[in-house]
1. Scan the range 115-144 for residues that are in contact with a helix residue (DSSP H, G or I) (Cβ under 7 Å, 6 or more places away or on another chain), assigned to a helix (DSSP H, G or I) and in contact (Cβ under 8 Å) with a residue 24 or more places away in the chain and jot them down.
2. Within the range 71-92, identify whether any single residue is modelled with pLDDT of 90 or more, over 23 Å from residue 156 (Cα atoms) and in a helix (DSSP H, G or I), and answer yes or no.
3. Tell me, please, whether a residue that is assigned to a strand (DSSP E or B) and in contact (Cβ under 8 Å) with a residue 40 or more places away in the chain can be found in the range 50-59.
4. Applying the selection to the range 4-33, what residues are more than 13 Å from residue 44 (Cα to Cα), in a strand (DSSP E or B) and of a type outside the set (Val, Ile, Thr)?
Amino acid sequence: MFSLQQKVVYPGHGVAQISRIFEKRFGTDKAVFCELKFLKKDMTVMVPMDRAHEVGIRPLSSTDTILLMLETFSVPARKIDQQELTASNWNRRNKEYQNKLRTGSLKDISEIYRDLKNISRYKELSFGEKNLLIKTEALLVEEISAAEQLQENEAIERLRSFFLPALQRS
């Protein structure tokens, strides 16, 4: 399953490293826990190993998976009609985005990022949209940085460089 010192992704929070695996007793029951220390936050969580997948913890993406995700940004974005940009549609989209964030899936997070970058071409993003764009970019950058062993600024540049050609073509 997971091993000591392995880097994993915790949905909505980013990359963490398994700093400890230990057993804890609860009366006659016992459970194995992993302690996760986040790389970019002063935060530690303990998760029962048998519920790790249920929580959404997953291994760090491979460089091949990250490259595939980045290449999806080079495909021209679909056109957005003005109706999709209304506040009521933002509420609906935000609900979908929050559900996607909870999955912790690299694909889902990159889709949110792509959608918001695309919307920003048509209108100024609202406060909520800007915050979500910042959060998704931070999550993507953190995973790219950890998986490809890049500095944060190099990971940001890598992410944005794949997205820019798509904006210029559409």
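1. Filtering the range 115-144 down to residues in contact with a helix residue (DSSP H, G or I) (Cβ under 7 Å, 6 or more places away or on another chain) leaves 116-117, 119, 121-123, 125-126, 128-129, 132-133, 136-137, 139-141, 143-144.
If we keep only those that are assigned to a helix (DSSP H, G or I) as well, we get 116-117, 119, 128-129, 132-133, 136-137, 139-141, 143-144.
Within the range 115-144, 117, 119, 128, 129, 132, 136, 137, 139, 140, 143, 144 qualify.
2. Initial filter on the range 71-92 (modelled with pLDDT of 90 or more): none.
No.
3. First, pick out the residues of the range 50-59 that are assigned to a strand (DSSP E or B): 58-59.
This time we only want the ones that are in contact (Cβ under 8 Å) with a residue 40 or more places away in the chain, so: 58-59.
Within the range 50-59, one or more residues are assigned to a strand (DSSP E or B) and in contact (Cβ under 8 Å) with a residue 40 or more places away in the chain.
4. 7, 22, 23, 24, 25, 26, 29, 30, 31
The values are calculated or read from the model by the stated rules, or taken from the named source; none is laboratory data. Worth saying up front: this structure is predicted, and the values here are computed from it rather than measured. We place every Cβ from the backbone using ideal geometry, glycine too, and count neighbours over all the protein chains shown.
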